[in-house]
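Structure first, then comments.
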Amino acid sequence: MKQSEEQLHAALHRASAELSLPDYYMACVRPLLRDPEGRWPRCCGGGCEPCAQQLIRVALRTLELLGRPRVAPLPEE
């Protein structure tokens, strides 16, 4: 079942709040949600804000809230 944009936004907002990702970074998570089984970035160790690992945690929680968790392995840290 395909989730509506409203459901996606609500799940993303909740996941962002739970994991302390500021709202203005939610747009950085959306590409991961569009390709939930694709190649995702990994942390480069450069102290980026936001860190790719934080975006991945939010994307994983969002997918969990939507009832469609990621199956593909995550990139190694």
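Only the coordinates and a few stated rules stand behind these numbers; no lab work does. It should be emphasised that the depicted structure is a prediction, and the values quoted were computed from it without experimental measurement. When we count neighbours, we look across all protein chains shown, and the Cβ atoms used for this are built from the backbone with ideal geometry, even at glycine.
Data overview
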quantity: Among residues of the stretch 48-77, those that are touching a Ser or Thr at 6+ places or on another chain (Cβ under 9 Å) and of a type in the set (Asp, Glu), counted; calculated: 0
quantity: Per-region count, the stretch 54-77, residues in contact (Cβ under 8 Å) with a residue 24 or more places away in the chain, loosely packed, with under 12 Cβ neighbours inside 10 Å and within 26 Å of Ser4 (Cβ to Cβ); calculated: 2
quantity: Hits in the stretch 1-53 (condition: of a type outside the set (Lys, Arg), assigned to a helix (DSSP H, G or I) and exposed (fewer than 11 other Cβ atoms within 10 Å of the Cβ)); calculated: Glu5, Glu6, Asp23, Tyr24, Ala27
quantity: Subset of the stretch 54-68 [among the basic types (Lys, Arg) and either over 10 Å from the mean Cα position of the chain (by Cα) or outside any helix (DSSP H, G or I) (or both)]; calculated: Arg68
quantity: All positions within the stretch 2-34 that are over 14 Å from Gly67 (Cα atoms), free of Cβ contacts under 8 Å to residues at least 24 places away in the same chain and among the small types (Gly, Ala, Ser); calculated: Ala17, Ser20, Ala27
